[in-house]
Amino acid sequence: MEVKGCLGVIIGHRSVFPGHLAERAREEIARVLREHGIEPLILPKSVTPYGAVSSLEDAVKYARFLGERGDDIDGILVSLPNFGDERAVAEAIRMSGLSVPVLVQAYPDELDKMDVRNRRDSFCGKLSVCNNLRQYGIPFSLTKLHTVSPTSEEFSKDLERFMAICRVVKGLKGARIGVIGARTSPFKTVRFNERLLEGHGISIETADLSEVIAAVEKLGDSDEAVRAKLEGLRSYCPAEGVPEGSLLNMAKLAVVLERWVEENGVSACALRCWPELQETLGIFPCAVMSMMSNSRIPFACETDAMGALSMYALQLAADKPAGLFDWNNNYGDDPDKAVLFHCSNIPGDMLEGFRMSYNFIDANARGTPEKSYGTCAGRVKPGPMTFLRISTDEAGGR
């Protein structure tokens with residue numbers, strides 16, 4: 001099975017509660033995680049009583065164990081097979097020095113096992129653990145149900161959601177967002193605070209659009225990389241009726257953009273897509289951007305850096321390509337529906353009837369589609385949708 005990630009596991013235990021519950025939980029949690037393709041990092045059983053954390057001394061050992069393996073850990077799962085020791089759990093996480101997502105899970109009691117030997121009280125213990133994590137300034141996630149068995153379908157869904165959170169947090173740390181070209185003057189909606197992003201470990205890499213255009217114009221029609229990209233573009237997006245010269249310039253643009261992305265270690269990118277590319281290269285870059293997004297390098301239009309960052313976060317969460325849309329129109333009298341539309345550079349995996357066309361609005365303004373080819377046409381495939389828009393808020397410092 002493909003390994004989807006690695007979780008550090010902290011088993012909580014309170015000394016007045018039955019220790020066999022903690023021992024059994026260690027084995028069960030480790031097995032469940034592996035069944036989901038998640039590698040568990042759990043302190044060896046012999047190091048602390050029952051292999052759990054129930055004191056400050058135990059917390060130090062847990063913290064050292066997790067801290068030494070920090071580079072491998074995507075998140076931490078706190079499992080409470082009984083009440084647990086809330087201070088020891090919080091101390092173990094804080095002293096580990098790890099800044100990763102935390103999920104708190106508590107075992108449910110069974111009505112026929114409420115005797116001294118089997119009673120858990122995890123319901124109450126979870127409240128105490130979360131209270132201390134809050135006091136310690138440690139962010140945490142919760143299972144949908146307050147108490148849940150690790151072997152249940154509900155916990156499987158909790159794990160899936162938590163691993164998505166881990167991917168987003170890990171992916172955004174040190175992310176590099178490319179911005180190619182200056183924003184068009186009227187588009188103040190795409191302005192953002194680069195310093196605020198840097199404060200969260202997200203860097204902006206810039207390039208002048210003229211540099212990209214010049215690099216495209218230097219490439220020969222018979223260049224090996226260009227020919228390979230031309231075939232890749234045709235295979236990716238049906239382009240019947242699109243002029244050969246337009247396809248060739250798209251292939252050259254794709255080569256230049258891919259090289260720039262690789263050279264700068266860019267995670268996602270925003271491109272000034274009009275009007276210069278139409279006037280100089282005679283194309284719209286949408287199909288090229290769509291192909292990049294489909295290959296997990298999100299490309300946003302109109303130098304929308306925060307749109308690119310939002311696409312990247314959604315891609316990490318869903319483990320699928322993300323698209324950038326405009327919310328254009330109301331849908332009759334239905335307040336729960338809207339019409340989504342874009343020029344468009346939507347990833348091919350998101351569309352049905354996917355094909356290349358030209359920008360009708362631009363062609364209408366010019367009176368000809370000659371310089372307007374390169375947009376993607378199709379309808380969004382039906383299914384659930386998550387939408388997100390990240391922005392920088394100078395007043396809130398975030």
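The values are calculated or read from the model by the stated rules, or taken from the named source; none is laboratory data. What you are looking at is a predicted structure, and each value in this text was computed from that prediction instead of being measured. Neighbour counts are summed over all protein chains in view; Cβ atoms, including those assigned to glycine, are modelled from backbone coordinates with ideal geometry. Ligands, DNA and RNA are excluded from the accessible area calculation, which covers all protein heavy atoms including side chains. Shrake-Rupley method; radii C 1.70, N 1.55, O 1.52, S 1.80 Å.
Data overview
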| item | result |
| --- | --- |
| Per-region count, region 372-398, residues outside any loop (DSSP other than H, G, I, E, B) and over 27 Å from the mean Cα position of the chain (by Cα) | 2 |
| Cβ pairs under 8 Å, 6+ apart, first in region 256-273 and open to solvent by 10 Å² or more (accessible area, probe 1.4 Å), second hydroxyl-bearing (Ser, Thr, Tyr) | SER267/TYR312; ARG272/THR184; ARG272/THR303 |
| Any hit, region 295-306, residues being open to solvent by 30 Å² or more (accessible area, probe 1.4 Å), within 19 Å of the chain's Cα centre (by Cα) and not β-branched (Val, Ile, Thr) | yes |
| Residue check, VAL32 in contact with a strand residue (DSSP E or B) (Cβ under 7 Å, 6 or more places away or on another chain) and either in a helix (DSSP H, G or I) or closer than 18 Å to ASN132 by Cα (or both) | no |
| Qualifying residue in region 2-14 (condition: touching a residue at least 40 places away in the same chain (Cβ under 8 Å), out of contact with any Asp or Glu (no Cβ under 8 Å at 6 or more places or on another chain) and assigned to a loop (DSSP other than H, G, I, E, B)) | yes |
| Qualifying residues in region 322-342 (those that are of a type in the set (Phe, Trp, Tyr) and open to solvent by 80 Å² or more (accessible area, probe 1.4 Å)) - the one farthest from ARG272 (Cα to Cα) | TYR331 |
| Hits in region 199-219 (condition: open to solvent by 90 Å² or more (accessible area, probe 1.4 Å) and touching a strand residue (DSSP E or B) at 6+ places or on another chain (Cβ under 8 Å)) | THR206 |
| Verdict on PHE387 being modelled with pLDDT under 95 and in contact with a His (Cβ under 8 Å, 6 or more places away or on another chain) | no |
| Residue that is more than 30 Å from GLY282 (Cβ to Cβ), open to solvent by less than 90 Å² (accessible area, probe 1.4 Å) and basic (Lys, Arg), where the choices are ARG183, ARG167 | ARG167 |
| Number of the condition not met by ALA313 [criteria: (1) out of contact with any Pro (no Cβ under 8 Å at 6 or more places or on another chain); (2) more than 28 Å from GLY171 (Cα to Cα); (3) modelled with pLDDT of 95 or more] | (2) |
| Yes/no for SER46 being more than 30 Å from GLY171 (Cβ to Cβ), without any contact (Cβ under 8 Å) to a residue 12 or more places away in the chain and among the small types (Gly, Ala, Ser) | yes |
| Residue ranges of helices (runs of 4 or more DSSP H) in region 51-152 with at least 2 members free of Cβ contacts under 8 Å to residues at least 24 places away in the same chain, surrounded by fewer than 21 Cβ atoms within 10 Å (Cβ to Cβ) and not polar (S, T, N, Q) | 56-68, 122-135 |
| Verdict on SER344 being among the small types (Gly, Ala, Ser), within 31 Å of the chain's Cα centre (by Cα) and at pLDDT below 90 | yes |
| Residues that are closer than 25 Å to ASP319 by Cβ, hydrophobic (A, V, I, L, M, F, W, C) and in a loop (DSSP other than H, G, I, E, B), drawn from region 332-371 | ILE346 |
| Subset tally (residues that are under 22 Å from MET291 (Cβ atoms), surrounded by fewer than 16 Cβ atoms within 10 Å (Cβ to Cβ) and touching a helix residue (DSSP H, G or I) at 6+ places or on another chain (Cβ under 9 Å)) for region 343-374 | 1 |
| Tally, over region 274-283, of residues that are open to solvent by less than 10 Å² (accessible area, probe 1.4 Å) and either of a type outside the set (S, T, N, Q) or out of contact with any helix residue (DSSP H, G or I) (no Cβ under 9 Å at 6 or more places or on another chain) (or both) | 2 |
| Those residues of region 267-286 which are closer than 26 Å to TYR312 by Cα and assigned to a loop (DSSP other than H, G, I, E, B), in sequence order | SER267, ARG272, CYS273, TRP274, PRO275, ILE283, PHE284, PRO285 |
